[in-house]
Amino acid sequence: QVQLVESGGGLVQPGGSLKLSCAASGSIFSVYAMGWFRQAPGKERELVAQFTSRGTTNYADSVKGRFTISRDNAKNTVYLQMNSLKPEDTAVYFCNAELRVSPISRASTYWGQGTQVTVSS
């Protein structure tokens with residue numbers, strides 16, 4: 001059983017910062033990709049930032065220059081440092097990972113339960 005557990009969400013004023021964390025635990029053989037998505041009320045879930053299977057990073061245009069994704073491979077943990085937050089960043093942020101649980105298993109996608117980020121004065 002694989003679990004992704006997010007933490008670090010909350011309420012912050014415009015211009016403020018938050019750092020999200022996501023730790024993957026359980027039977028994990030290898031992690032191919034890991035990152036963050038978000039979903040605002042009435043909108044579709046969208047990519048925020050991720051480490052791809054090639055080891056590169058992708059960012060949504062709306063967060064480039066403000067958000068930074070980082071990771072600790074030894075801990076299967078990914079972080080999202082969010083600076084200069086705007087009200088339009090308000091959403092539930094979901095951790096996402098593509099990983100294998102054994103040498104013979106296929107890669108599967110897992111999601112965390114989500115953490116609320118609210119940017120408001």
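No value in this document is a laboratory result; all are computed from the given coordinates. Everything quoted here is computed from the prediction, not taken from an experiment. Virtual Cβ from ideal backbone geometry, glycine too; neighbours counted across all protein chains shown.
GNM, the chain, Cα, under 10 Å: largest mean-square fluctuation among Ala33, Ala60, Ala74?
Taking springs between Cα atoms under 10 Å, the residue moving most is Ala74.
Select from region 1-70 those chymotrypsin sites (Phe, Trp or Tyr not before Pro) which occupy a DSSP coil region and have at most 13 other Cβ atoms within 10 Å, ordered by residue number.
Those that pass, being in a loop and sparsely packed, are Phe29.
Among Asn83, Asn73, Asn58, whose mean-square fluctuation peaks in a Gaussian network model of the chain (Cα, cutoff 10 Å)?
Checking each option, the largest mean-square fluctuation is seen for Asn73.
Hey, in the GNM for the chain with a 10 angstrom Cα cutoff, which one of Arg45, Arg71, Arg106 fluctuates hardest?
Of Arg45, Arg71, Arg106, the most mobile in the Gaussian network model is Arg106.
Over region 49-119, what is the relative contact order in percent, taking alpha-carbon pairs closer than 8 angstrom and at least six residues apart?
Relative CO of region 49-119 lands at 23 percent.
In the chain, what % of DSSP beta bridges are antiparallel (nearest 5)?
Of all bridge pairs located within the chain, approximately 95 percent are antiparallel.
Quick query: amide H of Arg71 versus all other amide H atoms, modeled in the peptide plane; which residues come in under 5 Å with a sequence gap of 5 or more or a different chain?
Close amide H contacts, sequence-distant or interchain: Tyr79.
Across region 64-77, in residue order, what do the Karplus-derived ³J(HN,Hα) couplings come to in whole Hz, using 6.51 cos²θ - 1.76 cosθ + 1.60 with θ = phi - 60° and x for Gly and Pro?
Karplus-based 3J(HN,Hα) across region 64-77 equals 4, x, 10, 10, 9, 9, 9, 8, 10, 4, 5, 9, 6, 10 Hz.
For the chain, what is the relative contact order in percent, using Cα pairs closer than 8 Å and at least 6 residues apart in sequence?
37 percent.
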